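Inspection log for the structure reproduced underneath, given as structure tokens.
Read the figures in this text as sums done on the coordinates, not as results from a lab. Computed from a predicted model, the values in this text were never measured in an experiment. Cβ atoms come from the backbone with ideal geometry, glycine included; neighbour counts cover every protein chain shown.
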Amino acid sequence: MQNRIDEMVVRFAEQVLRFRWLVMALAVILAVAAASGARFLAFDTNYRVFFGKDNPQLLAFDAVESIYSKNDNVMFVLKPTSGDAFSPAMLRAMAKLTEGGWQLPFSTRVDSIPNFQHSYAVGDDLTVEDLARDTASLDQAGRDRVASVAMDDPLLFNRLVAADRGAAAVNVTITLPRKEMGEVPSVMAAARSLAEEVRGEFPDIELVLTGMVPMNAAFEEASINDISFLPAFMSVMPVRVKVRETAAGEVHHSMMERWADFVIEKRNVLLVGTAGAVILLGAMIPRIV
């Protein structure tokens, strides 16, 4: 049985070499025809593509969003290299992110420690105002007051400020229309630009982005990285194997014999490589619509 398979492989290799120009022309034509469908491909950054339209969890999630609100967001997380979340630099950085967050595309709300709506009563008067209205002019007593309120309020504690006061966050709610593919990239471009601006002004503060919008953007960016790197890597590996095999072959072998020997000896490698290509495409298809 094995000899018969080897004979079939040798005959196939002989025919390929005999009609190599025709095979090359047909391969080019088929490649061009297959590639013509690429114009219909587009990246979808919405995590919903991973679920069917009748998925019960997705339907329940849509019902919650229709009653309350969408929870797409960009969260800026800040961690000082020294001091705590209520240091002067941290409060100014959060205030800058709060102001810049309103300028992000499709932003509908910004939550942070500086703009937290703090209410208090003096006699019969009820006052509601930003917790830190002017972060640049706050003295130590003012910062202590902000810290006391933030660490006692359940809307801030362990939500926008860590329990150990070692980090804080500014959350920007994003309401995406979900009509165009470029919505998420446009939000991320603006968010990254704002983050870079704050990093430049406050180099002693570590600033990272997280949230639903960055997660959706990661799908597209990971797919682009896979497409640009993995196929080229997979194409190079068989070539390297072939070159080594040919270099190790005997000099008196003809081209046809060396090719047939290579196909027989490396058939398992070729099968694994083909399977890898199929798996790679299968992994990327859900992220490309």
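Quick notes
- Angstrom value of the Kirkwood radius, inverse mean 1/r, which spans all Cα pairs in region 1-149: 22.8
- Highest-first packing order for the peptide set 187-196, 10-19 is 187-196, 10-19, based on the mean count of other beta carbon atoms within 10 Å.
- Dividing the Cα radius of gyration of region 71-210 by its Kirkwood radius returns 1.00 for Rg/Rh.
- Local electrostatic count at Asp164 - Lys and Arg +1, Asp and Glu -1, tallied over other residues with Cβ under 13 Å: +1
- By average C-beta atoms within 10 angstrom, highest first, the peptides 68-76, 26-34, 46-54: 68-76, 46-54, 26-34
- Net charge, Asn73 excluded, C-beta distance under 11 Å - Lys, Arg +1, Asp, Glu -1: 0
- Neighbourhood net charge (12 Å Cβ-Cβ; Lys/Arg +1, Asp/Glu -1) for Thr135: 0
- Those aspartates and glutamates that a straight Cα-Cα span of less than 14 Å connects to Lys179, excepting residues fewer than 8 apart in one chain: Asp44
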